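Written out below as structure tokens is the structure these notes cover.
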Amino acid sequence: MNIIPKFASIPIACSIIGLGRTSLYNEAGKGSFKVVKAGGKPLVDMESALAWMATLPLAQIAAPKTKAA
């Protein structure tokens, strides 16, 4: 059972969401999810970040091509 914190540091949020640091900052800058500052340290509101992730389109992944025998 994984427990997701209400607020997470940038490295932890990157790990949970699966984005790199630059992509996370870019999306935060666009207002895609909430980021607060506590003692000068940015913390990602994980509820809003996960809600944003749920709005993203599904990936279109093709099945691998098989070789003819």
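Bear in mind these aren't lab numbers, they're just calculated from the coordinates by the rules spelled out. A quick note: this is a predicted structure, and the numbers were derived from the prediction, not measured. Note that we place each Cβ from the backbone using ideal geometry, even for glycine, and neighbour counts take in every protein chain shown.
Being out of contact with any helix residue (DSSP H, G or I) (no Cβ under 9 Å at 6 or more places or on another chain) and charged (D, E, K, R), is that true of even one residue in the stretch 29-42? For the stretch 29-42, residues out of contact with any helix residue (DSSP H, G or I) (no Cβ under 9 Å at 6 or more places or on another chain) and charged (D, E, K, R): present. Within the stretch 8-24, can one find any residue that is exposed (fewer than 10 other Cβ atoms within 10 Å of the Cβ) and in contact (Cβ under 8 Å) with a residue 24 or more places away in the chain? Checked against the condition, which is being exposed (fewer than 10 other Cβ atoms within 10 Å of the Cβ) and in contact (Cβ under 8 Å) with a residue 24 or more places away in the chain, the stretch 8-24 yields no hits at all. Within the stretch 25-47, the set of residues being exposed (fewer than 10 other Cβ atoms within 10 Å of the Cβ) and part of a helix (DSSP H, G or I) comprises Gly29 only.
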